[in-house]
There are 2 protein chains.
Amino acid sequence: MADQKMLAKETIEKLEWLSQFGKDPEGGVTRLLYSKEWVQAQHALKEWMENEGLDVHFDEVGNLFGTLKGKNTDETILTGSHVDSVKNGGIYDGPYGIVAGILAINYLNEKYGEPLRNIEVVSMAEEEGSRFPYTFWGSKNIVGTAKRSEVEQITDFKGVPFVEAMKESGFGFRDESKEPRNDLKAFVEVHIEQGSVLETEHKSVGVVTSIVGQRRFTVEVTGEANHAGTTPMGYRKDAVYAASQMVFDLISMARKAGDPLVTTVGKIEAQPNIVNVVPGKAIFTIDVRHTDKDAIVSFTEEITAKINEISKEHGVETTINMWMDADPVPMDPKVVGIIEQKCKENGLNYKVMHSGAGHDSQIFAPFVPTAMLFVPSLKGISHNPAEYTAPEDLAEGVKALIGALYELAYK
Amino acid sequence: MADQKMLAKETIEKLEWLSQFGKDPEGGVTRLLYSKEWVQAQHALKEWMENEGLDVHFDEVGNLFGTLKGKNTDETILTGSHVDSVKNGGIYDGPYGIVAGILAINYLNEKYGEPLRNIEVVSMAEEEGSRFPYTFWGSKNIVGTAKRSEVEQITDFKGVPFVEAMKESGFGFRDESKEPRNDLKAFVEVHIEQGSVLETEHKSVGVVTSIVGQRRFTVEVTGEANHAGTTPMGYRKDAVYAASQMVFDLISMARKAGDPLVTTVGKIEAQPNIVNVVPGKAIFTIDVRHTDKDAIVSFTEEITAKINEISKEHGVETTINMWMDADPVPMDPKVVGIIEQKCKENGLNYKVMHSGAGHDSQIFAPFVPTAMLFVPSLKGISHNPAEYTAPEDLAEGVKALIGALYELAYK
């Protein structure tokens, strides 16, 4: 197996090298889709892939592919992740999966030579949705679900149209009349966990069995705005009072339900939000996730009933608006099985787990047998300059990928 | 007694006339201290008072006084209220007390001639604190507690210094080396209730016995910001979860405590306030009011203990910062007694009550025997263009004031 110290050193060196494209004076990395820094990063990666002897090409929208040709060129095992970052992000989220892919292919090529099937690494154009109100632009173009019509009217936060930014960076739309590629036999994405389960359980690698589904809601409670001094308690329809009970009860219910259900009230707002006015409105969001769709549906029903019950008790009006409803995405059991078996054989310190965050893998999974590997995130931090994974864990992740790609492409 | 229909008509006509100075294109009245509209209103009132035959003068800071001289000119019974408004305020809050004062003095002068003591109406410069971060500038200058040093460095929301605005409107600082006037034997302020107690109980006039004391707090709960998908419920230190329990419990405790205690959580904020991030911080305010200081202190102790207990249970850190602590202000029992007796004699439909809002009267009370009269506010609305009092109730308030001034100045 690959030398851990060497792999750790190479991985971190390459991540730091890549982080120069988009280093933000305010901290961390800001590398938004089709920006100058994004173009520089993709071209630097292209040069690196070429130097490693891979066949390199961009697709129409700017996904970058580097291929180690196999004996059978009709079958491809794909790995990689996204090159874009959030504003002031870390150096690992996305790039680690690309760097791991290139290093793994190099290792396999040097050690075993030509594979049976192509092994390909992809640096995907976009996943985060940080510049434009659109996510997974990279992976959705590969599997053919992205539509030109979905982005033609959108602009970034400065008003720059998507289409203009795309053209300026040298890319364009794919031909939607053409069938997407059908050579992909598996996709394996390596990514940081963005949670603290691996760290807490002292594991170096996570083998992901599914990506959670999620529902998101906005709850709007309408009472009556009143003077905080002149309105006796019994006269009030205090929206924040009702909302506080709803929030407390629904999070308590989620805690009782137990793993893998998670529920978050991330945003809350009072109106008019003045210290001496009884709030007439309270607005909060709910984010519910679980690996099982039925569990999401039944928990949603429970909290909806509870919210309506509390609303009635308080004599306020409440609307619950569901604006996201994404199904859980199971990873391919066969690919997961191969990866887990290989982790065991190689003595890796791994844990079988689910992903609570969304990833490009969920876009691939309906079309290509897909699996994911995680490495620990220090304190679960991501989307932040403080994002960190220990170099030895980075190396373990690459080793797990090497094992997976070997099984998938050489056997 | 005065003809109700005539009084109602006169009062509403004068309020509408006064509301033209500061009519805001965005709605309601905006008449901020030392603004062009404010200067116009004070000069228009000066002219009206002069036309009614009163001796009229401004003090140094811009409080406007109109006096009906009595036999004994060393003793003055004062009435009136503030001429300034909040941004987009109503036409009653403040001006009603000035208009009522002028109409009452006219009535008494016509009916009974020269009083024993001076009766004076004041149109006070400022009470709301809507332009500069300073409240009660008018009344505090009359009783001599306003200090030049408190406003010399302050500016309005556009950066205009207080001193510059004051000078431009033609006014300046009072001479702080001079003793404040000592002829004031009573102050009676008429004001809208800004609550819905009178409306709910179908009363036309409120005889105020005290103004509540209040304490205001900011509570800051610090947990840990985490990814909403990848952080199991058991790993979280969710600041909004803890805060929701605190808010629900403390408002429930206030409801149990009962009148006249009121407690409001008017502002609440989550940080980072993102739908898919477990909030690391929650910040909310508490406003506690009661007519009895001991009750405020003991309720504060109870909720502080409860908040700290919940904080400990949740494993979060909580700070409670008290940034306002104003004592209740009792009205003068003798003046209140005279007013109530007179309301009874005149068959007014009145209620003895406290004020949950602050008023100029609380500034006068420590120096001058002070009382207040309320009229109903439709749905308790104030500081809003929808502020409304029925003309017949406006007339009842003026009648109550006439009775009070008669007893205080003619007997």
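The values are calculated or read from the model by the stated rules, or taken from the named source; none is laboratory data. Quick caveat, the model's predicted, so the values are computed rather than measured. As a convention, Cβ positions derive from the backbone with ideal geometry for all residues, glycine included, and neighbour counts pool all protein chains shown.
Report every pair of residues separated by at least 6 positions or lying on different chains whose Cβ atoms are under 6 Å apart, first residue within the stretch A:123-138 and modelled with pLDDT of 95 or more, second among the hydroxyl-bearing types (Ser, Thr, Tyr).
Listed by first residue and then by second, the contacts come to A:MET124/A:SER139.
Looking only at the stretch A:179-188, decide whether some residue is acidic (Asp, Glu), surrounded by fewer than 23 Cβ atoms within 10 Å (Cβ to Cβ) and assigned to a strand (DSSP E or B).
No, there is no match, as no residue in the stretch A:179-188 is acidic (Asp, Glu), surrounded by fewer than 23 Cβ atoms within 10 Å (Cβ to Cβ) and assigned to a strand (DSSP E or B).
Please pick out the residue among B:THR304, B:THR263, B:THR300 that is in a strand (DSSP E or B) and either within 11 Å of chain A (Cβ to nearest Cβ) or surrounded by fewer than 21 Cβ atoms within 10 Å (Cβ to Cβ) (or both). Let's see the steps before the verdict.
Working: B:THR304 fails: in a strand (DSSP E or B); B:THR300 fails: in a strand (DSSP E or B).
None of the other options fit; the residue is B:THR263.
Here is a check on your reading of the model: is A:GLU127 of a type outside the set (Lys, Arg), within 19 Å of A:ILE77 (Cα to Cα) and buried (at least 20 other Cβ atoms within 10 Å of the Cβ)?
Against the criterion (of a type outside the set (Lys, Arg), within 19 Å of A:ILE77 (Cα to Cα) and buried (at least 20 other Cβ atoms within 10 Å of the Cβ)), A:GLU127 does not qualify.
Return the total of residues in the stretch A:1-60 being touching a Ser or Thr at 6+ places or on another chain (Cβ under 6 Å) and without any contact (Cβ under 8 Å) to a residue 40 or more places away in the chain.
Here the count works out to 1.
Report, by residue number, each residue of the stretch A:224-236 that is within 7 Å of another protein chain (Cβ to nearest Cβ), free of Cβ contacts under 8 Å to residues at least 24 places away in the same chain and either in a loop (DSSP other than H, G, I, E, B) or of a type outside the set (A, V, I, L, M, F, W, C) (or both).
So the first thing to find is which residues in the stretch A:224-236 are within 7 Å of another protein chain (Cβ to nearest Cβ), and the list is A:226-233, A:235.
Pick out the ones that are also free of Cβ contacts under 8 Å to residues at least 24 places away in the same chain and you get A:230, A:232-233, A:235.
A:THR230, A:PRO232, A:TYR235, listed by residue number.
Give just the number: which of (1) at the interface with chain B (Cβ under 9 Å from one of its Cβ atoms); (2) out of contact with any Gly (no Cβ under 8 Å at 6 or more places or on another chain); (3) β-branched (Val, Ile, Thr); (4) surrounded by 23 or more Cβ atoms within 10 Å (Cβ to Cβ) does A:VAL221 not satisfy?
Single failed check for A:VAL221: (1).
Take A:GLY206 and decide whether it is of a type outside the set (A, V, I, L, M, F, W, C), within 12 Å of chain B (Cβ to nearest Cβ), closer than 30 Å to A:GLU75 by Cβ and not in a helix (DSSP H, G or I).
On the way: of a type outside the set (A, V, I, L, M, F, W, C): yes; within 12 Å of chain B (Cβ to nearest Cβ): yes; closer than 30 Å to A:GLU75 by Cβ: yes; not in a helix (DSSP H, G or I): yes.
For A:GLY206, the condition - of a type outside the set (A, V, I, L, M, F, W, C), within 12 Å of chain B (Cβ to nearest Cβ), closer than 30 Å to A:GLU75 by Cβ and not in a helix (DSSP H, G or I) - is met.
What pairs come out if I take residues in the stretch A:268-281 that are farther than 11 Å from A:GLU224 by Cβ and pair them with residues that are at pLDDT below 90 and among the acidic types (Asp, Glu) whose C-beta lies under 6 Å away, six or more apart or interchain?
Nothing qualifies.
Take the stretch B:312-360 and flag every residue that is under 15 Å from the mean Cα position of the chain (by Cα) and either among the aromatic types (Phe, Trp, Tyr) or within 14 Å of chain A (Cβ to nearest Cβ) (or both).
Passing the criteria: B:ALA326, B:PRO328, B:VAL329, B:HIS354, B:SER355, B:GLY356, B:ALA357, B:GLY358, B:HIS359.
Hey, B:MET246 hits all of (1) part of a loop (DSSP other than H, G, I, E, B); (2) within 11 Å of chain A (Cβ to nearest Cβ); (3) touching a residue at least 12 places away in the same chain (Cβ under 8 Å); (4) not hydroxyl-bearing (Ser, Thr, Tyr) but one; which does it fall short on?
Only one criterion is unmet by B:MET246, namely (1).
Among the listed residues A:LEU32, A:LEU68, A:LEU103, which satisfies the condition of being more than 23 Å from A:ASP175 (Cα to Cα), in contact with a strand residue (DSSP E or B) (Cβ under 7 Å, 6 or more places away or on another chain), hydrophobic (A, V, I, L, M, F, W, C) and assigned by TED's automatic domain parsing to the domain that holds A:LYS140?
A:LEU68
Quick check on my filter: what residues within the stretch B:22-75 are among the polar types (S, T, N, Q) and in a strand (DSSP E or B)?
The answer is B:THR67, B:ASN72, B:THR73.
So is B:PRO115 farther than 20 Å from B:ALA365 by Cβ, more than 21 Å from the chain's Cα centre (by Cα) and either not in a strand (DSSP E or B) or not hydroxyl-bearing (Ser, Thr, Tyr) (or both) or not?
Criteria met by B:PRO115.
Restricting attention to the stretch A:137-145, does a residue exist that is among the β-branched types (Val, Ile, Thr), surrounded by fewer than 22 Cβ atoms within 10 Å (Cβ to Cβ) and not in a helix (DSSP H, G or I)?
From the stretch A:137-145, those among the β-branched types (Val, Ile, Thr) are A:142-143, A:145; that's our starting set.
Adding the requirement that they be surrounded by fewer than 22 Cβ atoms within 10 Å (Cβ to Cβ) leaves A:143, A:145.
From what's left, not in a helix (DSSP H, G or I): A:145.
Among the residues of the stretch A:137-145, at least one is among the β-branched types (Val, Ile, Thr), surrounded by fewer than 22 Cβ atoms within 10 Å (Cβ to Cβ) and not in a helix (DSSP H, G or I), which makes the answer yes.
With the requirement that a residue be among the acidic types (Asp, Glu) and either in contact with an Asp or Glu (Cβ under 6 Å, 6 or more places away or on another chain) or at the interface with chain B (Cβ under 7 Å from one of its Cβ atoms) (or both), what does the stretch A:266-293 give you?
Residue satisfying the conditions is A:ASP287 alone.
Quick grid of which residues meet (1) within 29 Å of B:ILE286 (Cα to Cα); (2) modelled with pLDDT under 95:
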site: B:HIS191; (1), (2): yes, no
site: B:VAL205; (1), (2): no, no
site: B:THR209; (1), (2): yes, no
site: B:GLY213; (1), (2): yes, no
site: B:ALA225; (1), (2): yes, yes
site: B:THR230; (1), (2): no, yes
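Results for (1) of a type outside the set (D, E, K, R); (2) in a helix (DSSP H, G or I); (3) under 30 Å from A:GLY356 (Cβ atoms), shown as yes or no for each residue.
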{"position": "B:ARG289", "(1), (2), (3)": "no, no, no"}
{"position": "B:ALA295", "(1), (2), (3)": "yes, yes, no"}
{"position": "B:SER311", "(1), (2), (3)": "yes, yes, yes"}
{"position": "B:THR319", "(1), (2), (3)": "yes, no, no"}
{"position": "B:MET322", "(1), (2), (3)": "yes, no, no"}
{"position": "B:VAL335", "(1), (2), (3)": "yes, yes, no"}
{"position": "B:ILE339", "(1), (2), (3)": "yes, yes, no"}
{"position": "B:LYS344", "(1), (2), (3)": "no, yes, no"}
